[in-house]
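Working notes for the structure below.
The values are calculated or read from the model by the stated rules, or taken from the named source; none is laboratory data. Not measured: the values here are computed from a predicted model. Here the Cβ is made from the backbone with ideal geometry for all residues, glycine too, and neighbour counts use every protein chain on show.
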Amino acid sequence: MNPTDGRRAAIQLDAVRKRFGDTVALHDITLTAAPGSLVVLLGPSGCGKSTLLRVLAGLEEATGGAVRLGGRDVTGLPPAARGISMVFQSYALFPHLTVAENILFGLRARKVARAERDGRLRRTAAMMGLAPLLERRPAQLSGGQQQRVALARAIVAEAPVCLMDEPLSNLDAKLRAEMRHEIRSLQKRLGLTMVYVTHDQVEAMSMADQVVLMRDGRVEQDATPAELYARPATAFAAGFIGTPPMSLLRLEASPGGACIAGAPDHPVAPAEAAGVLLGLRPEDVVPTDGHGLPAVVNSAEFLGAETVLRCAVGSEVLQVRIPGHHMLATGSSIRLRLPPPAHLFDPATGRRLPLPASAPAFA
Amino acid sequence: MRGRATLHAWLMLGPAMVLLVAFTHYPVVATFWHSLFSTPRGARPARFVGLENYDVLAADPIFWQALTNNLIYALGTVPLSIALALVMALWVNGRIAGKAALRVAYFTPTVLPMIAVANLWLFFYTPDYGLVDRLTQLLLGWGATNWLGSRETALGAMMVVAVWKEAGFFMIFYLAALQAIPPVLYEAAAVEGASRWEVFRRVTLPLLGPTTLFIAVNALINGFRLVDHIIVMTRGGPDNATALLLTYIYEVGFRFWDTSQASALTMVLLLLLMLIALAQFTFLGRRTHYR
């Protein structure tokens, strides 16, 4: 990324580092987000995604590196001077203020004229369906309504960048799906650049233009959801994305080519792939009546539209996702047809490896 | 079955009720009853006199002086000790070096017995070589002042002692309340661009509302109740300049042994306290947000 592109980017992080005492929370994070895009910071708890968001917001000071928003260096600026709005996981509504006062808190602090304030409140309240609730206190609202108030407070600021810290994690599953949809359409309609922190890959995959997958304070992969699913850059990304995620199987050398460890008679990849990890999407593996890789069912989990089987192959475990209801008994034998090898990873570094030149149909 | 449940209920209520009735409710009723009779003296037993004791009170200039003193005392010490408590709490709640030591220092006066505090301040107020006079001489060049012996300064001197003693105690409540405010609210306020003063006025202060109400009720009650230092330091003098309702009750009841008159005085004090508590809960309670 050359510096001139930074001027067009809504968000640009340059080797941002954050240390708490001896612990390094963020290792030189560099990333760029285009204006009007929704960037999801995804990762397991403790990966640094929330810290990164707080550094972006200015609630934590970066130990090193630069934060640029809309081409402006904001590294040393307080949150209020950065042109951002934020939705907190706990909503952070002021319990003693009414919904209207909560939404207008920032505009009053910024001395926006009364007429302008009232107009913006009316528009935002109408947009978020909060008009009948304006005189209530947060304690008199349901969790979903509180969420909307927090969202309204962020939107009414009309800041170009909106930061969201796991905004949906306190809602029930049904409401979460609705709000996901609503936030995404709102973000598109208002042309906001949004950074959205979550540990929920469904939120990431369904909402994001760009997913930044993080682990241990580092960016594991920065890509579109489709790319992240189709070409995981590391074994960690492969094992994180997908429900259930990719199975990672050790490959061993055998006379006919590389095969799954402990299952020597059924080569699944060219001989060059021996010793690496093979990634298999559970939805790409299909049970077959005819010729195939023998496997033993360890467990079967029925999810409604589909069944997820955990199968032992040699010394490895492989998940298989099949449509419909298939209650196979534990210990029953099945045969599986695998797709051509598409994902190989270095077992030491976890990096994605190029496919061997000759990859004919195996298994 | 039903009888058993009732019995259980009475057993549960019993201990608290015995204590309340024996030490609170019965004495109130008994005091009221006594205030309607004359004081028995020697061979003359008490006889019913109706509201005569109250009439005497209304005509007693010392009673009016004590009442006025007490109102000044309460209206002076209550806001001052609350404000001081809040300032100290905000100060030791911030990120400053040695805040644990500072908290202890602020809390020390609360731990000391009032009698000890009074004796300490007797030395401070000693004319000429007491701490207060030394300071005023050094800083302002004043001469010796008889702080406790002059009508003009005695009540003020008592109020200073009370504030000094009380503020640390109230600080603890404010400190606890401050730490119960979720930090994320301050973060939200920071993102919204509120200045420090606005954050204090629009977030901190309203969220401390219930604590302020609690402290105000306690401070006001203490304003009528906490008189140990006056008994030790001035005994209500000079010329009743520091006489408060409670010291006057003590004087009438246990030095003049006019128990009926003291009962009437007690009823007046009780009525006053009840009215104050009622007013505080209705006026402040309506504007206070409970989390």
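Below is a table of values for the structure above.
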quantity	calculated
Meets criteria (surrounded by 14 or more Cβ atoms within 10 Å (Cβ to Cβ), away from chain A (no Cβ under 14 Å), of a type in the set (Ser, Thr, Tyr) and in a helix (DSSP H, G or I)) for B:Thr136	yes
Residues within region B:215-248 that are buried (at least 22 other Cβ atoms within 10 Å of the Cβ), in a helix (DSSP H, G or I), within 11 Å of the chain's Cα centre (by Cα) and among the hydrophobic types (A, V, I, L, M, F, W, C), tallied	2
Number of the condition not met by B:Ala46 [criteria: (1) surrounded by 12 or more Cβ atoms within 10 Å (Cβ to Cβ); (2) at pLDDT 85 or above]	(2)
Residue among A:Leu53, A:Leu26, A:Leu31 that is under 22 Å from the mean Cα position of the chain (by Cα), within 14 Å of another protein chain (Cβ to nearest Cβ), outside any loop (DSSP other than H, G, I, E, B) and farther than 15 Å from A:Ala157 by Cα	A:Leu53
Residue match in region A:228-242 (condition: in a helix (DSSP H, G or I) and among the charged types (D, E, K, R))	no
Qualifying residue in region B:193-216 (condition: of a type outside the set (Lys, Arg), touching a Gly at 6+ places or on another chain (Cβ under 9 Å) and within 30 Å of A:Gly83 (Cα to Cα))	yes
Residue that is nearest to the other protein chains (Cβ to nearest Cβ), among those in region B:155-184 that are out of contact with any helix residue (DSSP H, G or I) (no Cβ under 9 Å at 6 or more places or on another chain) and assigned to a helix (DSSP H, G or I)	B:Val184
Unique match (being assigned by TED's automatic domain parsing to the domain that holds A:Leu336 and assigned to a loop (DSSP other than H, G, I, E, B)) among A:Pro294, A:Pro264	A:Pro264
Unique match (being within 14 Å of chain B (Cβ to nearest Cβ), surrounded by fewer than 23 Cβ atoms within 10 Å (Cβ to Cβ) and either touching a His at 6+ places or on another chain (Cβ under 6 Å) or β-branched (Val, Ile, Thr) (or both)) among A:Thr98, A:Thr63	A:Thr98
Test: residue in region A:229-243 that is surrounded by fewer than 19 Cβ atoms within 10 Å (Cβ to Cβ) and modelled with pLDDT under 90	yes
Positions within region B:158-204 being of a type in the set (Asp, Glu) and farther than 24 Å from A:Glu60 by Cβ, in sequence order	B:Glu166
Residue under evaluation A:Tyr91, criteria (1) in a loop (DSSP other than H, G, I, E, B); (2) at pLDDT below 90; (3) within 14 Å of chain B (Cβ to nearest Cβ), criterion not met	(2)
Residue, farthest from the other protein chains (Cβ to nearest Cβ), within region A:134-146, restricted to residues that are in a helix (DSSP H, G or I), at pLDDT 90 or above and closer than 21 Å to A:Ser85 by Cβ	A:Gln145
Index of the failed condition, B:Ala188 passing every other in (1) crowded, with 20+ Cβ neighbours inside 10 Å; (2) within 27 Å of B:Thr242 (Cα to Cα)	(2)
